[in-house]
Amino acid sequence: MIELNLTVLNHTGLHARPARELVNLAKKFSSKIQIAHGDRSGNAKSLISVLKLGVASGGEICFQISGEDEAEAAEQLRQAVLSGLGESVSVNGSHPESESEPTSTPVEVPEVSTPKPRPSDFSFPVDLRGVAASSGLALGPIFQLQVTTVSSDTSYQGAQAETARLYKALASATEELSELSAKLTADGVTDAAKIFDVHADLIADGALLDQVKAEIDAGKRATKAWADSIESYATELSQMPDPILSARSSDLRDVGRRVTGHLTGASHQMELPTEPVVIVAEELFPSETAMLDPNNVLGIITASGGATDHAAILARALALPAIVSAGPDILKQANGTKVLFDGSVGTIALNPSDALQEQAKAAIEKQRARNEALREAAKQMAKTTDGHLVEIGSNAGSLEDVQRGTENGTDGIGLFRTEFLYLGRDSAPTEEEQGSIYRSILEELNGKPLIIRTLDIGGDKVVPYMDLPEEANPFLGVRGIRLSLSQLDLFKAQLRTILTLPDVSAVRIMFPMIATLEDWSKARAVVTELQKETGVTDIKVGMMVEVPSAAVLADLFAREVDFFSIGTNDLTQYTLAMDRTNSVLTAQLDGLHPAVLRLIARVAEAAKAAGKWVGVCGELGGDLDAVPILVGLGLNELSVAPPLVGQVKDRVRNLSYTDCQKLAKAALQQTSAAAVRELVRKH
Ligand code: PEP
Ligand code: MG
């Protein structure tokens, strides 16, 4: 038996989507896999069991794996958990996209790609209060959503017949769910569509089905056994202290009701609005939210539910203002009653006066125009008030990330982390596979620049099929360019794929973890050799500056490279000697530390003196406090998480380059990161 202890890095812990990834991976192995967290444990092949562990971000989990393929299972689970189970966790433990709403409670915002409206500055006398679930103002007549259920059921037909009835109902429900998922995907709400994939997994859950079958065997009708089992699991989930996990009880009841419908022949009839209204309901299930026509919905208020319910997530995906948990009084309001609410703060006014309605309409229009302007403006490049241009690119590890970048107005991909193409599979991608992904990316970018970083494997990014030796300090070991130089075939295959793309004019190649001039010369020589082989004469080759030695010697490197991109995640880790994966150190691991800023300043100066382009592709680029300093230090580009592009461009447009230069100079004289932040905020 193998025991494996790991830390969950995902921003919102093991919530539905990563839990699903984990379970699906565990199911691929014949070994018995138990997972434990604190004093709870369960079967790692059961989604409900995994959810019930209630693992929050930074939580420790322990796998106990026993069986023929235990070694392979342990390695793949280890690698999958550390690389974020399908979510792009940054290895210092924070979710890159979480920066978009730094002060809000953690909700599953990363599942939603639609830009969210900013909080309004419009206030009004409040009649009722609820929990802010999707920001924006809404004004309109109330429409009480009623769901009527017509059902019939048979008496107990014996265990075999009841089990057959159950499976038939489950099959029909699964088919419906896949249709719903397809509808949302076709409507462009791809991320929200995945909610229904999770529903499909919930009803196929081994632990749940075992319980239902046991109850049927004990003499219960399929309908009753199903409803009781769903309710017992949902109650248990709803009592979890983590709001994201407790909100999954609503998903379980929703999908439970769907199967019950098929078992009893019940139909849920929902009268839908035919003109724009504010939907009011006791609780809105995800499937009901998905049925609503956004053109006829001004906003949503529910009496119960939580801000992390999937219904709330869907509301955000559809950019509909929403309040949940407003209490029972909202249900007593007659249809047609005018209501005004602010989904950013959870305030509700009933029967607003004519004057207030007029003001609200003006505020809604202003808000709509602002959101539109921000998104529209992001299509253009950003210049400071005194005309200094700063490129705002985005980071990516997949084609989907690139698409998110272009949707949000990116100026290009400042960092494409190619190692993600190698993770989560059994063997390295072939040159054809890699080439086809790069081609799709270039097509999506339509001429915008793409910086492809060569493999940065090692550290916490482990690729099991490479069979690399264990290292005592992987972050100080054979990582990044060191690994590529020790596995030349792999490195050459990657470079050859890049150099043989039909059009490389938009592509730049970048090496990770360059620490010495020797590293650079060796890696550059490999590209030169392959340029000769492929006949590509003109390709820009640059390096990441993420090791302090590279920053210290930036003037020497600047003579050799075509460009620099500063990886502030590693540069901070190595400068402050603080492991980026150590959650105890997270609060102190701040790229605005003057020691890191002085290194960034040194690189920017060296680049400028040599006439070379320099960007920042670490998380610091998307930190709104850091933006004025980085601009002031003379960075040509900031490459940030896709949802941040609009905000960072907006921030740049409201800065004066001259002021930023003064601010940056003053920041270098501060004694701590906290002092730098205070300086920026005062400024
Ligand atoms: C960095 O170190 O800042 C960086 C961008 O690289 P990664 O986060 O992939 O190590
Ligand atoms: Mg790095």
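The values are calculated or read from the model by the stated rules, or taken from the named source; none is laboratory data. These numbers were taken from a predicted model, which means no experiment stands behind them. When we count neighbours, we look across all protein chains shown, and the Cβ atoms used for this are built from the backbone with ideal geometry, even at glycine.
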Open item on the list: Name the residue that is nearest to ligand 1 (Cβ to nearest atom), counting only residues in the stretch 493-502 that are within 17 Å of K540 (Cα to Cα) and either in a helix (DSSP H, G or I) or among the β-branched types (V, I, T) (or both).
Closed with: Q494
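Residues are listed down the side, and each one gets a yes or a no for (1) within 16 Å of ligand 2 (Cβ to nearest atom); (2) small (G, A, S); (3) more than 26 Å from Q573 (Cβ to Cβ); (4) free of Cβ contacts under 8 Å to residues at least 40 places away in the same chain:
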position	(1), (2), (3), (4)
G414	yes, yes, no, no
S440	no, yes, yes, no
D460	yes, no, no, no
R482	yes, no, no, yes
- [ ] Give me a count of the residues in the stretch 329-367 that are in contact (Cβ under 8 Å) with a residue 12 or more places away in the chain and either among the β-branched types (V, I, T) or not in a strand (DSSP E or B) (or both).
- [x] 25
Task: Qualifying position, being modelled with pLDDT under 90, closer than 22 Å to T235 by Cα and crowded, with 22+ Cβ neighbours inside 10 Å, among S49, S83 - done: S49
- [ ] Using the structure shown, decide if E68 is modelled with pLDDT of 85 or more, in a helix (DSSP H, G or I) and farther than 26 Å from L237 by Cβ.
- [x] no
Task: Criterion (out of contact with any Asp or Glu (no Cβ under 8 Å at 6 or more places or on another chain), away from ligand 1 (no atom under 16 Å from the Cβ), outside any loop (DSSP other than H, G, I, E, B) and in contact (Cβ under 8 Å) with a residue 12 or more places away in the chain) met by exactly one of A601, A525 - done: A601
Open item on the list: Looking only at the stretch 543-575, how many residues end up being part of a helix (DSSP H, G or I) and away from ligand 2 (no atom under 16 Å from the Cβ)?
Closed with: 6
Open item on the list: Of the residues R653, R677, R681, only one is closer than 19 Å to R598 by Cα and surrounded by fewer than 24 Cβ atoms within 10 Å (Cβ to Cβ); which?
Closed with: R677
TODO: Check the stretch 569-585 and report whether any residue there is away from ligand 1 (no atom under 13 Å from the Cβ), at pLDDT below 95 and of a type in the set (V, I, T).
DONE: yes
TODO: Pick out the one residue from G615, G621 that is assigned to a helix (DSSP H, G or I) and within 16 Å of ligand 2 (Cβ to nearest atom).
DONE: G621
TODO: Enumerate the helices (runs of 4 or more DSSP H) found wholly within the stretch 225-300, keeping only those where 1 or more residues are crowded, with 17+ Cβ neighbours inside 10 Å and modelled with pLDDT of 80 or more.
DONE: 248-264
- [ ] Go over the candidates G535, G567, G477 one by one and state the one that is of a type outside the set (A, V, I, L, M), in the same structural domain as R425 (by TED's automatic domain parsing) and touching a residue at least 24 places away in the same chain (Cβ under 8 Å).
- [x] G567
Open item on the list: I'd like the residue in the stretch 309-328 that is touching a residue at least 60 places away in the same chain (Cβ under 8 Å) and in a helix (DSSP H, G or I) and, out of all such residues, is farthest from P294 (Cα to Cα).
Closed with: H310
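Residue-by-condition table, conditions (1) closer than 20 Å to F563 by Cβ; (2) basic (K, R):
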position: A595; (1), (2): no, no
position: V603; (1), (2): yes, no
position: A626; (1), (2): no, no
position: L644; (1), (2): no, no
position: R653; (1), (2): no, yes
position: Y657; (1), (2): no, no
position: Q661; (1), (2): no, no
position: A664; (1), (2): no, no
position: A667; (1), (2): no, no
Task: Exclusive hit being surrounded by fewer than 23 Cβ atoms within 10 Å (Cβ to Cβ) and closer than 26 Å to Q211 by Cβ, set L6, L77, L25 - done: L25
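For every residue, the table says whether it meets (1) under 25 Å from W613 (Cα atoms); (2) buried (at least 20 other Cβ atoms within 10 Å of the Cβ); (3) outside the structural domain of A74 (by TED's automatic domain parsing).
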residue: L490; (1), (2), (3): no, no, yes
residue: M543; (1), (2), (3): yes, yes, yes
residue: A551; (1), (2), (3): yes, yes, yes
residue: L556; (1), (2), (3): yes, no, yes
residue: D562; (1), (2), (3): yes, no, yes
Open item on the list: Every residue in the stretch 523-539 that is surrounded by fewer than 16 Cβ atoms within 10 Å (Cβ to Cβ) and within 17 Å of R559 (Cβ to Cβ), please.
Closed with: A525, T528
Open item on the list: Looking for something part of a helix (DSSP H, G or I) and at pLDDT below 85 - is there at least one such residue anywhere in the stretch 111-130?
Closed with: yes
